[in-house]
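J.: Got a structure here, written out as structure tokens. Questions coming.
The values are calculated or read from the model by the stated rules, or taken from the named source; none is laboratory data. Here the structure is a predicted model, which is why all the values come from computation and not from measurement. Glycine also receives a Cβ, built like all others from the backbone with ideal geometry; neighbour counts cover every protein chain displayed.
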Amino acid sequence: MKKLLLAVLGLLLVVSLSAQGKLPDLKGRLIRAVTENAYLPLNFVDPRTGKAMGWEYDAVNEIARRLKARVQWNVTAWDTMIQAVREGQYDVGMDGITITEERRQQVDFSEPYMVSQQFMLVRKEEARFRSAPELGADPKLLIGSQAGTTNFYVAVYSVLDGDEANPRIKLFETFGAAVQALIAGDVDCVLMDAASGRGYVGANPEKLKVIGEPLGTEDFGFIFKPGSDLVAPFNAAIRAMKADGTLARLDTKWFFEYSAK
């Protein structure tokens, strides 16, 4: 009840401040942020500098600046991130996390900061299939994925037969590892949202391409522990950054201008 009351009071404060054209002032509060560093171009380690960077880094750093807060960045594996945020080990988590009703039962989400669609990422020379039905119909073709992700479930239920143990899906610890397996020829396709697909093609234009029609639309959101008083301030900042073009500028920077070469 106390957590719910704090969240409601925080929302009322944000509504009041937003009506005045202002954002909440978190007065230097430390926000423990966590990501995976394996989801180009949202969060990754630059191969040239070894520095962690990406769309989500820039967005959260800007949100914190506007809210007058500080960010402490942390890294964890995808398969432990949601639980760690739910338990309060971190204040906000991000990894291109699709907003779903199942996940809403575990964590609170921000408003969507990005809308993306699923596509097939393949090797540059791929000519055996051009659509999801063609991919699904050929039993020799393998799909690389990361367990528990939206991409995994799209592969299972939209491309294959609905069997989550289907041997045609090869699991990897990170998206980056799945993409490297694709480049090496160990798998034939990796399903990826449009945002990251553009990032990987941009980093490997001579090796990769995106094909086919979109397989679905998804909203990405930041995650928080249930009842977090940070949800409302983050939402206010996201709305402000959409309105003034900041999010669009981040899209241009990371999806079109950035190159790992």
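J.: Look through Gly227, Gly212 and report the one residue that is in contact with a Ser or Thr (Cβ under 7 Å, 6 or more places away or on another chain), surrounded by fewer than 22 Cβ atoms within 10 Å (Cβ to Cβ) and over 26 Å from Val45 (Cα atoms). Lay out the reasoning, then the answer.
T.: On the way: Gly227 fails: in contact with a Ser or Thr (Cβ under 7 Å, 6 or more places away or on another chain).
Answer to the check: Gly212.
J.: Just wondering, is there one or more residues in region 90-106 that are under 23 Å from Ala165 (Cβ atoms) and loosely packed, with under 13 Cβ neighbours inside 10 Å?
T.: Scanning region 90-106 turns up at least one residue that is under 23 Å from Ala165 (Cβ atoms) and loosely packed, with under 13 Cβ neighbours inside 10 Å.
J.: Select from region 187-203 the residues that are among the aliphatic types (A, V, I, L, M) and not in a helix (DSSP H, G or I) and write down the one among them that is nearest to Leu250 (Cα to Cα).
T.: Restricting attention to region 187-203, the residues satisfying the condition of being among the aliphatic types (A, V, I, L, M) are 187, 190-192, 194-195, 201, 203.
Filter once more, keeping what is not in a helix (DSSP H, G or I): 187, 190-192.
Numbers: Val187: 31, Val190: 25, Leu191: 23, Met192: 19 Å.
Looking at residues that are among the aliphatic types (A, V, I, L, M) and not in a helix (DSSP H, G or I), I get Met192.
For (1) touching a helix residue (DSSP H, G or I) at 6+ places or on another chain (Cβ under 8 Å); (2) of a type in the set (A, V, I, L, M, F, W, C); (3) closer than 30 Å to Gln105 by Cβ, each residue gets a yes or a no:
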residue: Ala195; (1), (2), (3): yes, yes, yes
residue: Gly221; (1), (2), (3): no, no, yes
residue: Ala240; (1), (2), (3): yes, yes, yes
residue: Leu247; (1), (2), (3): yes, yes, yes
residue: Trp254; (1), (2), (3): yes, yes, no
residue: Tyr258; (1), (2), (3): yes, no, no
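J.: Tell me the residue from Gly136, Gly93 that is in contact with a helix residue (DSSP H, G or I) (Cβ under 7 Å, 6 or more places away or on another chain) and free of Cβ contacts under 8 Å to residues at least 40 places away in the same chain, please. Break it down stepwise before answering.
T.: Numbers: Gly93 fails: free of Cβ contacts under 8 Å to residues at least 40 places away in the same chain.
It is Gly136.
J.: Could you tell me whether any residue of region 179-189 is surrounded by fewer than 23 Cβ atoms within 10 Å (Cβ to Cβ), of a type in the set (S, T, N, Q) and more than 23 Å from Phe44 (Cα to Cα)?
T.: no
J.: Could you look through region 133-167, keep only residues that are assigned to a helix (DSSP H, G or I), among the small types (Gly, Ala, Ser) and modelled with pLDDT of 95 or more, and pick out the one that is farthest from Leu40 (Cα to Cα)? Walk me through it before giving the result.
T.: The initial filter retains those residues of region 133-167 that are assigned to a helix (DSSP H, G or I), namely 133-137, 150-159.
Among the residues that remain, those that are also among the small types (Gly, Ala, Ser) are: 136-137, 155, 158.
Filter again for modelled with pLDDT of 95 or more, leaving 136-137.
Working: Gly136: 26, Ala137: 29 Å.
Ranking the candidates gives Ala137 first.
J.: May I pose another question? Among the residues of region 168-186, which ones are part of a strand (DSSP E or B) and closer than 24 Å to Ala203 by Cα?
T.: Looking only at region 168-186, we keep the residues that are part of a strand (DSSP E or B), and these are 169-171.
The answer is Lys170, Leu171.
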